[in-house]
1. Anything in the range B:56-86 that is surrounded by fewer than 17 Cβ atoms within 10 Å (Cβ to Cβ) and not β-branched (Val, Ile, Thr)? List them, or say none.
2. Which residues, taken from the range A:99-117, are part of a strand (DSSP E or B) and either at pLDDT below 95 or not charged (D, E, K, R) (or both)?
3. Would you point out the residue of the range A:45-67, among those that are among the aliphatic types (A, V, I, L, M) and over 19 Å from B:Phe101 (Cβ atoms), that is nearest to the other protein chains (Cβ to nearest Cβ)?
4. Do we find a residue being more than 13 Å from chain B (Cβ to nearest Cβ), surrounded by fewer than 14 Cβ atoms within 10 Å (Cβ to Cβ) and of a type in the set (S, T, N, Q) anywhere in the range A:71-79?
5. Can you name the residue in the range A:51-66 that is touching a strand residue (DSSP E or B) at 6+ places or on another chain (Cβ under 9 Å) and assigned to a strand (DSSP E or B) and, of all such residues, is surrounded by the fewest Cβ atoms within 10 Å (Cβ to Cβ)?
6. Within the range B:49-83, which residues are on the phi > 0 side of the Ramachandran plot and within 14 Å of chain A (Cβ to nearest Cβ)?
7. Give the range B:1-28 a look and list any residue that's surrounded by 12 or more Cβ atoms within 10 Å (Cβ to Cβ), part of a strand (DSSP E or B) and among the small types (Gly, Ala, Ser), or say none.
8. Given B:Arg91, B:Arg37, which one is at pLDDT 95 or above and not in a loop (DSSP other than H, G, I, E, B)?
Amino acid sequence: NAGVTQTPKFRILKIGQSMTLQCTQDMNHNYMYWYRQDPGMGLKLIYYSVGAGITDKGEVPNGYNVSRSTTEDFPLRLELAAPSQTSVYFCASSYSKAGGFGYNEQFFGPGTRLTVL
Amino acid sequence: DAKTTQPTSMDCAEGRAANLPCNHSTISGNEYVYWYRQIHSQGPQYIIHGLKNNETNEMASLIITEDRKSSTLILPHATLRDTAVYYCIVRSGGSNYKLTFGKGTLLTVNP
C-alpha cells in the first residue's frame, strides 16, 4: 500500500490565484482530514470527511473548499490565494466504526508546502 | 477535549531512555491519551495511545498516573532517528475526527 499520497510536494502561487491540493489514500479508510501547519506551530484542522459525499468544517475552514466524491480522494481547493495561506498542508485518513466512537489512528501524507507571494 | 501541557524541548543521549512528560489535569473519564511524533518536514506519525492502563508497543511505552492527570511517553533506547517533535493529545472517544495538536516537545537525541 502507498498509504496517503499528496500532490504536489511544493507550489508557489501568486495572490489571487487558485489551486487544488490532491490527496489519495489506498487503505479504504472512511475518514479523511486536511490540516495546515504554520512554522513552529502545531497542526490545525481545516476540513474533514466521514465518508464519500459528507464533509464538515474544522477549526480554520475560511478560504478553502473540499469535496469527497470517492472513498479514496479528498481534494482541497484554495480560491483566491492569500499570503496568510502560506503553510504546509497535510492530508490524513483513518478508519472508524459507525458512530465514530473509540480509538482511531490517523495516517498522514508527506505534505504539500505552499507559498503565496 | 482536555488541554495538555508539555515542555518545549528536551535532550537525550543516544542509547538512553527518553522520558517525555505530559500534563492533562482536566482530563475526563472517557478521554484517551494519544502520542504522535513529527520528524522534521514529514507528516505526523502515530506512536501509542491509552485510556487508564499503561501500554507498550514496539515503539514506546505509555505510563498514565492513577489519577490520569499526567502521563509519560518512554522511548527505551533512543536513537538519532527519534529526534522529532512529540505531541501529547487528549481526545474524547466520541469525537473521532478531532486531534488537537499543540506545539509539542522537541526531543533532540545527541550522539
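The values are calculated or read from the model by the stated rules, or taken from the named source; none is laboratory data. Remember, predicted model here, so these are calculated numbers, not experimental data. Cβ sites come from the backbone with ideal geometry, for glycine too, and all protein chains shown count toward neighbours.
1. Across the range B:56-86, the qualifying residues are B:Asn57, B:Glu58, B:Met59, B:Glu66, B:Asp67, B:Lys69, B:Pro76, B:His77, B:Leu80, B:Arg81.
2. A:Phe107, A:Phe108, A:Thr112, A:Leu114, A:Thr115, A:Val116, listed by residue number.
3. Restricting to residues being among the aliphatic types (A, V, I, L, M) and over 19 Å from B:Phe101 (Cβ atoms), the top hit is A:Val50.
4. No; the residues of the range A:71-79 include none that is more than 13 Å from chain B (Cβ to nearest Cβ), surrounded by fewer than 14 Cβ atoms within 10 Å (Cβ to Cβ) and of a type in the set (S, T, N, Q).
5. By that ranking, first place goes to A:Asp56.
6. none
7. Residue satisfying the conditions is B:Ala18 alone.
8. B:Arg37
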